[in-house]
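Q: Questions regarding the structure given below will be posed in turn.
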Amino acid sequence: MRLSKLSLAPVALLALGLISALPAAAQLTPKQELGKALYFDQNLSLNKNQACASCHLPPGWADPRNAADPANLVVSEGSILGLFGGRNAPSSAYAAFSPFFQWDAAAGLFVGGQFWDGRANTLKDQAKGPFLNPVEMAMPSKRAVLEAAADPFNPNLLAYQTLFMSVFRVDLASLDLNNTIVVDAVYDLLAEAIGDFEKSRELNAFTSKYDYYLAGKVRLSGNELRGLQLFNGKAKCALCHLCAPAIAADGVSVMPPLFTDFTYDNLGIPKSINPLLAANPVDFGLGGRADIAALDPQGLQLGKFKVVTLRNIALTAPYGHNGYFATLTDIVNFYNTAGIPGMWPPPEVPHNVNRAELGNLGLMPMQVAHLVAFLNTLSDGYRPGPSPLAFPLPPLP
């Protein structure tokens, strides 16, 4: 889904009244409060040591353990020690804006969904998975998750009882956990609450320096501006990571840039050999899904992974679906020189590699540094002074 771009300068946006102020901190709704408690609760894992936030922790809403790994063995350890996920944990920030997974016939591309391969349609669908994944939170059943939430020794029990009742009219203390219909229904509500928290201002802050720049409240430095020019020009980043405000789905609101078009690409990233994984097979991404493979006998989706948002990118190292790149400079250098013989190991999946939009860009080292300087302006939490938020929270799809 490609959004129509606006060519309005920051001053023009202000003059037209398209950017309004919000209080410095937006309050969570009761459902979001419930979702936040669930999101950060390690008691909902097999060994009471793993939460959603373990792999999606602020400020980047990704896994900081991966960035700290000196060997760059990028996998997140699950509740069962010694078991690891097979992909770099993506940031959960701004995931709420991804549309449903769909085929865009006009563009000839798959678009949207959650996870690196789009296999979940919504945040609610996505939230159901990690609790029951044996290499993540490792709970044996939905019932076990609800039992953990209702455990008298769970320090969140009172909050859960209060919020489940006020939000969903569910009495957590009297659930019939032998009734699979009840268990399925309440598990769905639990996932719905987590998804609603992920739609909140906490994960979708729009408070980066670039947001304030678009709002006409700050200036970018010379190097940051040079990086922005490269981003839109020679480096070709903006072809997929859209950086201009756009008209939102309601046809009226201004949507701040999300720095993704939600499509899928094979960047030709080399395979990350990870001795922590018992098996380290080739990851075919979107094309590895059985439902997609059945629709794609020519293998045109092999090796493709979702184009991620660049918001908070400086806070979410390492980079790539397999975390092959330890730093922003590393992955920018890859974009610059991919495809040049001898520069990099071969792609993990050699099919469908995008050579039209990356590789052999001809960027000089100083230009790479300027591009990285601009990418650092995309981190939320910038404080220009006593100023309101740059953007209101735009309408969700």
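Q: For residue 285, which sequence-distant residues (separation of 5 or more, or a different chain) have an amide H within less than 5 Å of its own amide H, given hydrogens modelled in the peptide plane?
A: Under 5 Å from the amide H of residue 285 lie the amide H atoms of 303, each far enough along the sequence or on another chain.
Q: Right, here's the next one. How would 319, 382 line up from fewest to most surrounding beta-carbon atoms within 10 angstrom?
A: Least crowded to most crowded, the residues run 382, 319.
Q: So what does log10 I(q)/I(0) come out to for the chain at q = 0.08, 0.10, 0.14 Å⁻¹, using the Debye formula with one equal point on every Cα and no solvent?
A: Ignoring solvent entirely, the Cα scatterers give -0.44, -0.70, -1.34.
Q: Another question about this same structure. Give me P(r) over region 73-168, computed from all C-alpha to C-alpha distances, binned every 10 Å, as integer percentages.
A: 14, 31, 34, 16, 4, 0
Q: Using only alpha carbons, build the gyration tensor for region 207-340 and give me the equivalent ellipsoid semi-axes, biggest first, whole Å.
A: Three semi-axes, in Å: 31, 20, 14.
Q: Could you list the trypsin sites (Lys or Arg not before Pro) in region 118-192 that lie in coil according to DSSP, counting only those with at most 12 other Cβ atoms within 10 Å of their Cβ?
A: For trypsin sites (Lys or Arg not before Pro) across region 118-192 that sit outside H, G, I, E and B with at most 12 neighbouring Cβ atoms in 10 Å, the list reads 169.
Q: Limiting things to C-alpha atoms, what are the Rg and the maximum Cα-Cα separation (Dmax) for region 162-205, in angstroms?
A: 12.5, 41
Q: Take residue 329 and residue 169, extend 7 Å from each Cα along the Cα→Cβ direction, and tell me the distance between the two endpoints in nm.
A: Inter-label distance under the simple model: 6.0 nm.
Q: Something else now. Please arrange 63, 211, 283 by how many other C-beta atoms lie within 10 Å of their C-beta, fewest to most.
A: Final ranking by Cβ density, sparse to dense: 283, 211, 63.
Q: Note down the Stokes-Einstein diffusion coefficient of region 217-283 in µm²/s, whole number, using a Kirkwood radius over alpha carbon pairs, 4 °C, and 1.567 mPa s.
A: The Stokes-Einstein estimate is 84 µm²/s.
Q: In nanometres, what is the gap between the two model label sites at residue 104 and residue 250, each 7 Å from Cα along Cα-to-Cβ?
A: Calculated label separation equals 2.3 nm.
Q: Students often forget the sequence filter, so: which aspartates and glutamates lie under 17 Å Cα-Cα from residue 48 once same-chain residues fewer than 8 apart are removed?
A: Straight-line reach from residue 48, under 17 Å: 77, 136, 147, 151.
Q: Two-decimal Rg/Rh of region 269-318 from alpha-carbon positions, Kirkwood Rh?
A: 1.07
Q: Past 30 Å, Cα to Cα, is the threshold; run 31/142; 142/271; 124/306 against it and keep the listed order.
A: Violating the 30 Å Cα-Cα cut-off are 142/271.
Q: Moving on to the next point. Grab the Cα-Cα distance for residue 229 and residue 393, subtract it from 0.36 nm times how many residues apart they are, and report the gain in nm with one decimal.
A: 56.4 nm
Any read-out appearing in this document is the output of simple, stated calculations on the displayed coordinates, not a laboratory observation. Bear in mind that the values here come from a model prediction, so they are computed numbers and not experimental data. Don't worry about glycine lacking a Cβ; one is built from the backbone with ideal geometry, like all the others, and counts go over all protein chains shown.
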